[in-house]
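The values are calculated or read from the model by the stated rules, or taken from the named source; none is laboratory data. Here the structure is a predicted model, which means the values were calculated and not measured. Reconstructed Cβ throughout: ideal geometry from the backbone, glycine too, with neighbour counts over all protein chains shown.
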């Protein structure tokens, strides 16, 4: 089952807004580089995204350059959903 990338991006924007209020990120800005997410936040992000979208990230996803951007995160989650999570 697929999930609309826009839904994932919207969810992630909301998630980021709780941790870095007022920070305006473009879809391809790296939220780690912007200081919105640190290593501890990343663990929470992974757990919450997996629960929200019924997926399991793979180790390769964390090494994918797209993982650190809103657009890329949405694409990865969508890919996991297509692959059965």
For region 43-63, give me each residue that is over 17 Å from residue 15 (Cα atoms), surrounded by fewer than 16 Cβ atoms within 10 Å (Cβ to Cβ) and under 12 Å from the mean Cα position of the chain (by Cα).
62
Name the single residue, out of those in region 1-25 being touching a residue at least 40 places away in the same chain (Cβ under 8 Å) and surrounded by fewer than 11 Cβ atoms within 10 Å (Cβ to Cβ), that is farthest from the chain's Cα centre (by Cα).
1
Among 49, 17, which is the only one that is modelled with pLDDT of 95 or more, farther than 14 Å from residue 71 by Cα and in contact with a helix residue (DSSP H, G or I) (Cβ under 8 Å, 6 or more places away or on another chain)?
49
Criterion violated by residue 73 - all others in (1) at pLDDT 95 or above; (2) surrounded by 16 or more Cβ atoms within 10 Å (Cβ to Cβ); (3) not in a helix (DSSP H, G or I) satisfied:
(3)
